[in-house]
Amino acid sequence: MTLKVRFAGLSFGAAVDQQTGNLSVFEVVEEIRTPQVPIHLQSLVISLAIEKTTPAPFEGKLLIHVLTPDGRQASVGSGDMKIPAEQKRLKAVFRLGGFPINQFGDHRFVLSWVDHNNQKINEAILDFDVTQVTQVAQGAAPSERPSTTH
């Protein structure tokens, strides 16, 4: 059994249209710029489009892990996954509310599909960077010197 990842993305919003089945992704996340950590993101969304390459049904699990810049790995979630024989494609949206960011640097989500024997079928990797930026006061304008002519 093979599952092919057609699309995997990280964003702040996504939706699947119930009538057309179209997946819309809003505000793609490649970099998060912040003056300090820790922060909690109100919503972080993982969107997937998967294709089953054989006509057999699929039963297994999806496992989601995050790898942080300090080399640690944490489980973000997991769940059973069933795709009937007659269904070829699957679209899914996972919303991670109140997601904590504790470090600057490269972060990686690893999504793994395993079969009923816990054998890995496929995986998707989603990378994003958390970058420190200088905080600028809201509404502050650079000081201007009046021009003088003599």
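The values are calculated or read from the model by the stated rules, or taken from the named source; none is laboratory data. Since this is a predicted model, take the numbers as computed values, not measurements. We place every Cβ from the backbone using ideal geometry, glycine too, and count neighbours over all the protein chains shown. Calculation scope for accessible area: heavy atoms of the full protein, side chains included, ligands and nucleic acids excluded. Shrake-Rupley method; radii C 1.70, N 1.55, O 1.52, S 1.80 Å.
Laid out as a table, the results:
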quantity	calculated
Those residues of the range 82-140 which are within 19 Å of VAL45 (Cβ to Cβ), open to solvent by 60 Å² or more (accessible area, probe 1.4 Å) and aromatic (Phe, Trp, Tyr), in sequence order	PHE94
Every residue from the range 53-91 that is over 19 Å from the mean Cα position of the chain (by Cα) and within 19 Å of ALA14 (Cα to Cα)	ARG89
Those residues of the range 48-61 which are acidic (Asp, Glu) and open to solvent by less than 80 Å² (accessible area, probe 1.4 Å), in sequence order	GLU51
Positions within the range 19-52 being within 30 Å of GLU86 (Cβ to Cβ), over 12 Å from the mean Cα position of the chain (by Cα) and assigned to a strand (DSSP E or B), in sequence order	LEU23, SER24, ALA49, ILE50, GLU51, LYS52
Test for VAL45: is it farther than 18 Å from HIS116 by Cα and open to solvent by less than 60 Å² (accessible area, probe 1.4 Å)	yes
Those residues of the range 62-75 which are over 18 Å from ASN122 (Cα atoms) and open to solvent by 50 Å² or more (accessible area, probe 1.4 Å), in sequence order	PRO69, ASP70, GLY71, ARG72, GLN73
Considering residues of the range 19-35 that are at pLDDT below 95 and loosely packed, with under 11 Cβ neighbours inside 10 Å only, the residue farthest from ASP129 (Cα to Cα)	GLN19
